[in-house]
Amino acid sequence: MNNIIKTLFIGDVVGAVGIDAVKQYLPILIERYQPDFILANGENACEGKGITEIEANLLFSLGINVLTSGNHIWENWKGKNLLSTCPNLIRPFNYPPGNIGKGFLFFENEQLPQIAVLNLQGRTYMQTIDCPFKAADYALSIIAPKTSYIIVDIHAETTAEKITLANYLDGRVSAVIGTHTHIQTADAQIMQKGTAFITDAGMTGPYDSVVGLKKDIAYKRFTLQSPFKYQMATDDPRIAYVFFEMEIPSGKANFIEAQIFPELNRRRVSE
């Protein structure tokens, strides 16, 4: 075993296009980074809303070890049973007691020490669920005595809430990876006490879109201020990812980078 755990986090996988992007590009990333552990947020894998056994099995077959989720996990009824039966799929821990599924898990195999993955959800501009900060404290009281390798997916709307949580957990977890907005942020960093952080990992899916939605549907929603059926875009598939390393035995992060692959076009505007 090496003295680091190389970890690849795939940003929100959106629909069949997102799964196709994983199928097309994940082998390239595996060759480039040689990750020991791969996880992805899969809450939008089924046509942009929720995830079912079909999409989960596809993603696992492509090499993903653990799937996290978020608020959209509840929007597909076929996915609810999956939460109670699939050992490597989690939902946000801070939903009230009585909801199906689990909010964290321990992953291990013969090649790796035990790795914990904790899923939390923010409350600002989202459902008024239980406090993610207090939920994190409770979850870590169970997790931390068992392992030093702890990855948190914070699924939240606002940058401030994610950054605040990351600072709150700095030094207590290996990484805090933000999801939900589908826009990869430029602040990947190792925080002062050794936690890797990025505000949002971004979207894996169709980039000729508005965060996965057909552009004309998004335009109608914003200008007419009335509901229009969600329709997935289909063009320009790309994979958004975060790669980081966790040191053995401390669990602290020593490297992080985030990219969209293939890289988005950068053009100089001519005069």
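For the reader, a short list of remarks on this structure follows.
- Of the solvent-accessible surface of the chain, computed with a 1.4 Å probe over protein heavy atoms with every protein chain present, carbon and sulfur atoms account for 52 percent.
- Using distinct alpha-carbon pairs, which all enter the 1/r mean, Kirkwood radius of the stretch 23-101 in Å: 13.1
- Per-peptide average of other Cβ atoms within 10 Å, ordering 5-15, 127-137 highest first: 5-15, 127-137
- The ellipsoid that matches the Cα gyration tensor of the stretch 86-220 has semi-axes, each √(5λ) in whole angstrom, of 26, 17, 16, with the longest given first.
- Note on the chain: helix-only mean residue ellipticity at 222 nm, from DSSP H runs of 4+ residues weighted -39500 (n - 2.57) and normalised by residue number, equals -8000 deg cm²/dmol.
- Taking all protein chains as they are arranged and a probe of 1.4 Å, the heavy atoms of Y168 leave approximately 90 Å² accessible to solvent.
- Residue-normalised accessible area of the stretch 1-63, given per residue in Å² at a 1.4 Å probe: 39
- Computed from the Cβ-Cβ distance with R0 of 22 Å, the FRET efficiency linking S141 to N2 stands at 0.15.
- Which of E161, E43 is most accessible, then next, and so on - probe 1.4 Å: E161, E43
- Distance from the stretch 53-74 to the stretch 202-232 (C-alpha centre basis), Å: 23
- Histogram of C-alpha separations across the chain, 5 Å bin width, %: 1, 6, 14, 18, 20, 18, 12, 6, 3, 1, 1, 0, 0
- Antiparallel %, DSSP beta bridges [both residues in the chain], to 5: 50
- Mean projected area of the Cα convex hull of the stretch 207-271, taken over all directions, amounts to 8.4 nm².
- Stretching E53 away from I28 to a fully extended chain increases their span by 6.5 nm, per 0.36 nm per residue minus the current alpha-carbon distance.
The values are calculated or read from the model by the stated rules, or taken from the named source; none is laboratory data. Bear in mind that the values here come from a model prediction, so they are computed numbers and not experimental data. All Cβ positions, even for glycine, are placed from backbone atoms using ideal geometry, and neighbour counts span all protein chains on display. The accessibility values were calculated without ligands, DNA or RNA, using every heavy atom of the protein model including side chains. Shrake-Rupley method; radii C 1.70, N 1.55, O 1.52, S 1.80 Å.
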